[in-house]
Each structure stands twice: as structure tokens, then as C-alpha cells.
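Worksheet for the structure shown next.
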């Protein structure tokens, strides 16, 4: 699988997010469907989470589910420091962004505190954002800083995840336009929500979240 990072045969077998999915966060609906209506009268399919609360981000895109190959690739990149895997993932993220039929004025990433980055050795989201932006002909801009360390989201329950990141981020610049926020994994969306809330508070008009996988 790893001869050319991911060979064409293996990349063709990576699972895709097939079937109906939430129009906002991309979560597979899996029978849990809440139907709403847009102002124009068109039907909008939402998961229960997005249908019962206001999201700060406008849309979330992912390459596939956090399963099988995508999970293996993320573990190799994040925890084993396989930067070649990160470069390949960035190329796929750029393709996904182009398919979104949208234009972006800014590309940024989910930040870590200095202590968190020292512990990990690097910020995977920043690495992916920089290379994704380059492939899109844009620059990765540092729009946010993380002002306090937080327990990893994966170690917390759903309720704790919602409050863990409250006011954990601060905007370092104001602006307008559409932001593409890059991260490695979207689970409940609490991190993306807090980052998007902070960005919109700084004047930015819209935030699209782009991740490798959707859990």
C-alpha cells in the first residue's frame, strides 16, 4: 500500500461517504433524519445535532469516514510522523475543496497551544492546511491561536466535548470573505464550531470545514 504513499489500487478502495448525509456537517444520516426547509422552499436534510442547534460553521467536507484506510492513514501521519502521507492527504483535500463548487478567500487551520504542539512534535492541521492551500493557489494564514490547553476531544464524552473548547481560541486578525478551515478529523464538530464562532466574531463571512475523515 505504501510504495507510492498510496497506490492507485488502494486509493480506489478507500471508503467514501456514500448514502444520504447531513447537508451541514456531513454526518451519515443512518436513519436519523430531521427535515427542515430552506427559505426558498427546498428541502434540507439535517442530522439530529445540526437540526436542533445552530452551527457556527456553514458546511463540513471530508474525504471519507474514519474507518479502514482513512483511519490507518491518519494514524500514520499524526502519530508516526509519516509526512509523506500528509502530503498525499493534502493533495486529496485540495481535490475535495475544488469539488465543493465554492471559492475561498482564506485557508487556515485549527491551532494548538505551544505546549500541545511540543508534545506532538508538530501540528497536523497546520501541515495539511499549508500544503492544501499551496495546491489551491492560496496561502495558509494564521487566523487563530489557542489560548489554553484542553484535554483531547477523543478522551471526552459528547457532553464534555461541547464545553471543553469554550473560549479556547482567539482570532489574531480580522477580515471578511470565505474561510476554509482545515483539520484532520471531525467528530462532534465542537472544535470546528468554536473556531468558526471565533472567526465570524472577527468579521469573516463564512467558514467551510475541510477534514480528512468524518467520525
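The values are calculated or read from the model by the stated rules, or taken from the named source; none is laboratory data. Predicted model only: the values in this text are computed from it and were never measured. Heads up, the Cβs are rebuilt from the backbone with ideal geometry, glycines too, and the neighbour counts pull from every protein chain shown.
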Study note, to complete from the structure: For region 118-146, the count of residues that are farther than 24 Å from residue 92 by Cα and at pLDDT below 95 equals 2
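Kindly check whether there is at least one residue in region 96-103 that is in a loop (DSSP other than H, G, I, E, B), within 15 Å of the chain's Cα centre (by Cα) and either surrounded by fewer than 20 Cβ atoms within 10 Å (Cβ to Cβ) or at pLDDT 95 or above (or both). Please lay out each step first, then the result.
Start the filter on region 96-103 by keeping residues that are in a loop (DSSP other than H, G, I, E, B), which leaves 100-103.
Those still in the list that are within 15 Å of the chain's Cα centre (by Cα) too: 100.
Next, only the ones that are either surrounded by fewer than 20 Cβ atoms within 10 Å (Cβ to Cβ) or at pLDDT 95 or above (or both) stay: 100.
Within region 96-103, one or more residues are in a loop (DSSP other than H, G, I, E, B), within 15 Å of the chain's Cα centre (by Cα) and either surrounded by fewer than 20 Cβ atoms within 10 Å (Cβ to Cβ) or at pLDDT 95 or above (or both).
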Review point. Among (1) outside any strand (DSSP E or B); (2) over 24 Å from residue 29 (Cβ atoms); (3) within 15 Å of the chain's Cα centre (by Cα), where does residue 115 come up short?
Key: (3)
Check your understanding: Can you pull out the residues in region 49-83 that are more than 21 Å from residue 154 (Cα to Cα), out of contact with any helix residue (DSSP H, G or I) (no Cβ under 9 Å at 6 or more places or on another chain) and in contact (Cβ under 8 Å) with a residue 12 or more places away in the chain?
Key -> 51, 52, 59
Practice item. Could you grab me the full set of residues in region 155-165 that are modelled with pLDDT of 80 or more and touching a helix residue (DSSP H, G or I) at 6+ places or on another chain (Cβ under 7 Å)? Key: 164, 165
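Test residue 108 against the criterion of being outside any helix (DSSP H, G or I) and within 26 Å of residue 48 (Cβ to Cβ), and give yes or no.
Values: outside any helix (DSSP H, G or I): yes; within 26 Å of residue 48 (Cβ to Cβ): no.
Here the answer is no, as residue 108 does not meet what is asked.
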